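Before any comments, here is the structure.
The values are calculated or read from the model by the stated rules, or taken from the named source; none is laboratory data. All values reported here derive from a predicted model rather than from experimental measurement. Counting neighbours? That spans all protein chains shown, and the Cβs are built from the backbone with ideal geometry, glycine included.
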Amino acid sequence: MIESLLVANRGEIARRIIRTARRLGIRAIAVHSEADAGLPFVTEADEAVCVGPANPAQSYRNVEAILAAAQKTGAQAIHPGYGFLSENADFARTVEAAGLIWVGPGADAIAAMGDKINARNLMAAAGVPVAPGTTDPAASVDAAVAAAAEIGYPVMVKAAAGGGGMGMGVAADEAELRTQYEKVGAFADRMFGDGSVLIERYFPRVRHVEVQILGLADGRVVALGERECSVQRRNQKLVEESPSPAVSPELRSRFLAAAVRAGEAVGYRNAGTVECLLVPRQRGSQVDGPGAEEFFFLEMNTRLQVEHPVTELVYGVDLVEEQLRVAAGLAPTFDPDALAPRGHAIELRINAEDPKRFLPGPGVIATWNEPTGDGVRVDSGYVAGNTVTPFYDSLMAKLVVSGADRAEAIERARAAVAGFEIAGPKVNLPFFAELLENAEFVSGDYDTGIVSRMR
């Protein structure tokens, strides 16, 4: 097993990785910005190194500073967490070129799946369903218009190099497409350094379902069930649950098989997620109710997901430990041929934002009292006295609940939300209290438009 691990991240995910590392007897090393010096992940690590000022480009994305910290502390491996450099193929190559172990998929797999158009084409060739769309970037607005005429409106205009719900726009007609093409392209060039866009069919009512995969050290790819991620604001997830209330056993079998094919197509190793769009059955049809007729590949996240805890609770595994074992060339702790889900889990992303418009509301945390009880887990990045700064994502904690079934998980979530006390920054807990009483959510028959309908 790896003996020393540098965590190239911050907040709750750095704290989460450090917790598993220390349980396994691995020396845990944190890197942090000047703004994060007082956060729990820094004090809980065996060693910590400041890598720069608050600006992520000068700290958490500062490759030279991170590698210097690894050399200074004698780190054997680097875990990138999620965000920042986690899906940067060049960083993965640089880490390995420095003689360190990269706790993640190979750089070639990261690069292959980092371009949405390339990823779509690879998945189609592997027999994974993809939505109708372009196989090459739309080189001009006229090319986009011609593609949309063939695909059929409405269409989604997407940044080819984007991810995490950023760089997307919907067009219902040609005029709107021309506007969105310029807007998305400019955004993509500014954010990702690549203004290429693709055009896909847009489905007005859709669910967002993803599959957790793990590429093992022996070359096999296994799937650890699916997660429902349809409660979103601005294409950003707020709630995830496993298993999905929309997925039947037959559909689950197809989902998992497609995800395994996706991983095998790029020789995937370590943890990853295959994200899909699930098109629900039409309301009022003879097959009304939870369920779906078809699903399409959306993208592959070549890293550990924010929502990995719901899979951990349903499958009884520690995904960070499995990541470390794969990186060390070791067999998993579980039997890949006997994976079976148990119960239901729901994750709520507790953000420093107002519960109505979801605008960031950083500040000093005056009160922080986490809920406890059966089936309650809190992965947090802060404690009372810490400051939520405006420099990073607004995520403060993940409230994760589990139960024997979905109804019990919802009941436990209601109690946990009511028992979570946070004062100082703005917080979205009131939104979750409302959601957990919402008839559409409670029924399980909801889609990505649920938050907008609530607002």
Quiz item: In segment 384-415, what count of residues is obtained for those that are buried (at least 21 other Cβ atoms within 10 Å of the Cβ) and at positive phi?
Solution: 0
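Against the condition modelled with pLDDT of 95 or more, more than 24 Å from Asn55 (Cα to Cα), not assigned by TED's automatic domain parsing to the domain that holds Tyr60 and not small (Gly, Ala, Ser), how does Val383 come out, does it pass?
On the way: modelled with pLDDT of 95 or more: yes; more than 24 Å from Asn55 (Cα to Cα): no; not assigned by TED's automatic domain parsing to the domain that holds Tyr60: yes; not small (Gly, Ala, Ser): yes.
Spelling it out, it is not the case that Val383 is modelled with pLDDT of 95 or more, more than 24 Å from Asn55 (Cα to Cα), not assigned by TED's automatic domain parsing to the domain that holds Tyr60 and not small (Gly, Ala, Ser).
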Quiz prompt | Flag for Glu47 being more than 21 Å from the chain's Cα centre (by Cα) and under 29 Å from Asp379 (Cβ atoms) | solution = yes
Quiz item: Which of the residues belonging to segment 178-217 are at pLDDT 95 or above, of a type in the set (Asp, Glu) and crowded, with 19+ Cβ neighbours inside 10 Å?
Solution: Glu210
Quiz item: Among Arg252, Arg234, Arg220, which is surrounded by fewer than 18 Cβ atoms within 10 Å (Cβ to Cβ) and either of a type in the set (A, V, I, L, M, F, W, C) or over 17 Å from the mean Cα position of the chain (by Cα) (or both)?
Solution: Arg220
Quiz item: Just one of Val306, Val326 is in contact with a helix residue (DSSP H, G or I) (Cβ under 8 Å, 6 or more places away or on another chain) and either of a type in the set (D, E, K, R) or modelled with pLDDT of 95 or more (or both); which is it?
Solution: Val306
Quiz item: Which condition number in (1) crowded, with 19+ Cβ neighbours inside 10 Å; (2) farther than 28 Å from Val306 by Cα is the one that Ala119 fails?
Solution: (2)
Quiz item: In the list Gly381, Gly363, Gly444, which residue meets the criterion of being more than 30 Å from Val279 (Cα to Cα) and surrounded by fewer than 19 Cβ atoms within 10 Å (Cβ to Cβ)?
Solution: Gly363
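Condition check ((1) aliphatic (A, V, I, L, M); (2) in the same structural domain as Val400 (by TED's automatic domain parsing); (3) in contact (Cβ under 8 Å) with a residue 12 or more places away in the chain; (4) not in a loop (DSSP other than H, G, I, E, B)) across all residues:
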| site | (1), (2), (3), (4) |
| --- | --- |
| Glu226 | no, yes, yes, yes |
| Val231 | yes, yes, yes, yes |
| Glu240 | no, yes, yes, yes |
| Ala246 | yes, yes, yes, no |
| Glu250 | no, yes, no, yes |
| Ser253 | no, yes, no, yes |
| Gly263 | no, yes, yes, yes |
Exercise. For Phe334, state whether it is surrounded by fewer than 21 Cβ atoms within 10 Å (Cβ to Cβ) and within 30 Å of Glu96 (Cβ to Cβ).
Key: yes
Quiz item: Is at least one residue of segment 261-271 among the acidic types (Asp, Glu), crowded, with 23+ Cβ neighbours inside 10 Å and at pLDDT 95 or above?
Solution: no
Quiz item: Can you pull out the residues in segment 14-41 that are among the aliphatic types (A, V, I, L, M), under 19 Å from Ser86 (Cα atoms) and touching an Asp or Glu at 6+ places or on another chain (Cβ under 8 Å)?
Solution: Ile18, Ala28, Ile29, Ala30
Quiz item: Any chance segment 170-185 includes a residue that's part of a loop (DSSP other than H, G, I, E, B) and without any contact (Cβ under 8 Å) to a residue 24 or more places away in the chain?
Solution: yes
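Against the definition (without any contact (Cβ under 8 Å) to a residue 60 or more places away in the chain and of a type in the set (Asp, Glu)), how does Asp90 come out, yes or no?
Yes.
For every residue, the table says whether it meets (1) closer than 24 Å to Ala188 by Cα; (2) in contact with a helix residue (DSSP H, G or I) (Cβ under 7 Å, 6 or more places away or on another chain); (3) hydrophobic (A, V, I, L, M, F, W, C).
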| residue | (1), (2), (3) |
| --- | --- |
| Ala97 | no, no, yes |
| Ala107 | yes, yes, yes |
| Ala112 | yes, yes, yes |
| Lys116 | yes, no, no |
| Leu122 | yes, yes, yes |
| Val130 | yes, yes, yes |
| Ala147 | yes, no, yes |
Quiz item: Looking only at segment 152-195, which residues are aliphatic (A, V, I, L, M), closer than 27 Å to Asn88 by Cβ and out of contact with any Gly (no Cβ under 8 Å at 6 or more places or on another chain)?
Solution: Ala160, Met166
